[in-house]
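Take a look at the structure below.
Every number in this text was worked out from the coordinates using simple rules, so none of it is lab data. All values derive from a computational prediction rather than experimental measurement. FYI the Cβ positions are ideal-geometry reconstructions off the backbone, even for glycines, and counts take in every protein chain you see.
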Amino acid sequence: MESREVLGTRLRLLLDLLDDGVTALYTELDLDGFRPRYTPILRHVATEGPSSIRDLARAIGVTHSAASQTVAQLAKEDLVTLSPGADARRRIVHLTPKAEALLPAMAREWEATNAAVAELEAELPYPLSRLVDETLEALRRRPMPDRTTAAAKTQSPS
């Protein structure tokens, strides 16, 4: 089986392995139950102040839907609260005192994770982060649905 045939599966495995390493560190830092997807949102709100979900999505590079889902999880964990924005359709994300108390541990996690990523990338022939950035840019230029549709049209029937 060619590696292209299992690319999605291998990417999920890679993400799982990366997330598992970070999750293990959360336990050491008394951040049990914390999820890697929480960190970018909480760090952004901690450094930039209360933000709309749209602004958070743009700042951390995810879809509005993904940011909204993560914010909903953070609210359930009592890590953020939401208030209406100037436009009733916008919701503004604020840190709770519980989240603010976690910021020092989150900073230690962030530093340790960045050091681990630098070490990992030093072992590779080229930085994984660069390859991910270049792949994302290529998909922005020509999204995967366009690519798969075009490829399906060129395939001969079996």
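Angle check, please: helix 97-123 long axis (alpha carbons) against the longest principal axis of the chain (alpha carbons), in degrees 0 to 90, nearest 10.
Roughly 30 degrees, rounded to the nearest 10.
Based on C-alpha coordinates, I'd like the Rg and Dmax of the range 1-112, in Å.
Cα radius of gyration and Dmax of the range 1-112 are 15.8, 54 Å respectively.
For a footprinting-style exposure proxy, rank Tyr38, Tyr26 by other Cβ within 10 Å, fewest first. It would help to have the intermediate numbers written out before the result.
On the way: Tyr38 22, Tyr26 19.
Ordered by Cβ neighbours within 10 Å, fewest first: Tyr26, Tyr38.
Relative contact order (percent) for the chain, with alpha-carbon contacts under 8 angstrom and 6 or more residues of separation?
It comes to 17 percent, rounded to a whole number.
Counting other beta carbons within 10 Å of each Cβ, put Thr27, Thr154 in order, fewest first. Numbers along the way, then the final one.
On the way: Thr27 11, Thr154 6.
Neighbour counts put them in this order, fewest first: Thr154, Thr27.
Could you put His64, His44 in order, starting from the residue whose Cβ has the fewest other Cβ atoms within 10 Å?
Details: His64 13, His44 17.
Neighbour counts put them in this order, fewest first: His64, His44.
Could you calculate the FRET efficiency of Met144 with Gln69 from 1/(1 + (r/R0)^6), where r is the beta carbon distance between them and R0 is 25 Å, rounded to 0.05? Before the final figure, lay out each step's value.
Working: r = 21 Å, r/R0 = 0.84.
After rounding to 0.05, the efficiency reads 0.75.
Taking the Cβ of Ala115 as the center, what net charge do the other residues with Cβ under 12 Å away carry, scoring Lys and Arg +1 and Asp and Glu -1? Intermediate values should be presented prior to the final figure.
Values: positive: Arg108; negative: Glu109, Glu111, Glu119, Glu121.
Result for the local shell: -3.
Only four residue types carry charge here, +1 at the Cβ of Lys and Arg and -1 at the Cβ of Asp and Glu. Report the dipole size of the range 3-152 about the Cα centre in Debye, rounded to the nearest 20.
On the way: 19 positive and 22 negative charges, 184 e Å.
Computed charge dipole of the range 3-152: roughly 880 debye.
Mind checking the full-extension length gain between Ala152 and His94? Use 0.36 nm per residue of separation minus the Cα-Cα distance, one decimal, nm.
Working: separation 58, 0.36 × 58 = 20.88 nm, distance 4.59 nm.
Net length gain for the segment: 16.3 nm.
What does the net charge come to around Asp19 if you take all other residues with beta carbon closer than 12 Å to its beta carbon, with K and R at +1 and D and E at -1?
Details: positive: Arg12, Arg35, Arg37; negative: Asp16, Asp20.
After counting each charged neighbour, the total is +1.
Enter the angle in degrees (range 0 to 90, nearest 10) between the Cα long axis of helix 144-154 and the first principal axis of the Cα atoms of the chain, meaning the one along which they spread out most.
10 degrees
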